[in-house]
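Here the structure comes first, spelled out in structure tokens, and everything after it is commentary.
The values are calculated or read from the model by the stated rules, or taken from the named source; none is laboratory data. It should be emphasised that the depicted structure is a prediction, and the values quoted were computed from it without experimental measurement. Note that each Cβ is placed from the backbone with ideal geometry, even for glycine, and that neighbours are counted across all protein chains shown. Surface accessibility is based on the protein's heavy atoms, side chains included, excluding ligands, DNA and RNA. Shrake-Rupley method; radii C 1.70, N 1.55, O 1.52, S 1.80 Å.
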Amino acid sequence: MKDPYVVLGLDKNSSPELLKARYKELRDLYGEQRFKSGEEGNDGARKLQELEEAWLLIDSDLGRRGTDEFVGDYGKVDALIRDGKYNEAQDVLDSISDRGGEWHYMQAIVFYKRDWLIEARTQLEMALQDDPSNAKYRNSLEKLKMTIQNPDKGAANFAGNGGAYNAGVNGGGEPLDQPSQAEQMSNCLTSCCCAYCLTDCLCTSMRCCF
């Protein structure tokens, strides 16, 4: 069998995003060609089978390449975002030339952390265009849209490479299921005011009765 990377017309040092894009391109091309008549259709079917066999090997190889430089860049971006170093994270993103779904996803997180919600939404939409079946991109986009529509109630939850990115509307790190300290103080003051008003009303009523 041919070198699987040669089947794609690329080499082993190509980025995962580039390999995936090339595979999709050839799959669509050969998928249409196989329905043509005569030898052209037979050639398309043969090439499609060869492509699928090659991709199985490449996909397995990518799974073993955990230290791949391209994947490592996103690991750096993820760590920088968690440390609050958004400028440095942006610098790493800017240095990546192959910008597929994961690039747009990470860019969306950086924008969100800077309170640029509309720009973050655009990046998530681009990520989903690149990989429509990606549940992570889709769920993040839906939650961000809810946050934009209800800024006082929602909070986006981006499932990052190492865990969940939980952030309030202003980019804070409060857990999604717990009120912030400011909200706790506000609730306390509200409860105290209500108690005072009720007590005053009861006292007034009692004076009226006597």
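Observations on the model:
- Filter pass, residue 18 being within 21 Å of residue 101 (Cβ to Cβ), aliphatic (A, V, I, L, M) and either in a helix (DSSP H, G or I) or without any contact (Cβ under 8 Å) to a residue 60 or more places away in the chain (or both): yes
- Just one of (1) of a type in the set (D, E, K, R); (2) assigned to a helix (DSSP H, G or I); (3) touching a residue at least 60 places away in the same chain (Cβ under 8 Å) fails for residue 61. It is (3).
- Residue within region 44-57 that is more than 26 Å from residue 119 (Cα to Cα), basic (Lys, Arg), free of Cβ contacts under 8 Å to residues at least 60 places away in the same chain and open to solvent by 50 Å² or more (accessible area, probe 1.4 Å) present: yes
- Tally of residues being surrounded by fewer than 17 Cβ atoms within 10 Å (Cβ to Cβ) and modelled with pLDDT under 90 across region 13-33: 1
- When region 101-127 is filtered for residues that are more than 21 Å from residue 13 (Cβ to Cβ), open to solvent by 10 Å² or more (accessible area, probe 1.4 Å) and in a helix (DSSP H, G or I), the ones remaining, listed by number, are 104, 111, 113, 117, 118, 119, 121, 122, 123, 125, 126.
- Members of region 129-145 found to be open to solvent by less than 70 Å² (accessible area, probe 1.4 Å) and under 20 Å from residue 113 (Cα atoms), listed by number: 136, 137, 140, 141, 144
- Some residue of region 85-100 being open to solvent by less than 50 Å² (accessible area, probe 1.4 Å), closer than 17 Å to residue 138 by Cβ, touching a residue at least 60 places away in the same chain (Cβ under 8 Å) and not polar (S, T, N, Q): yes
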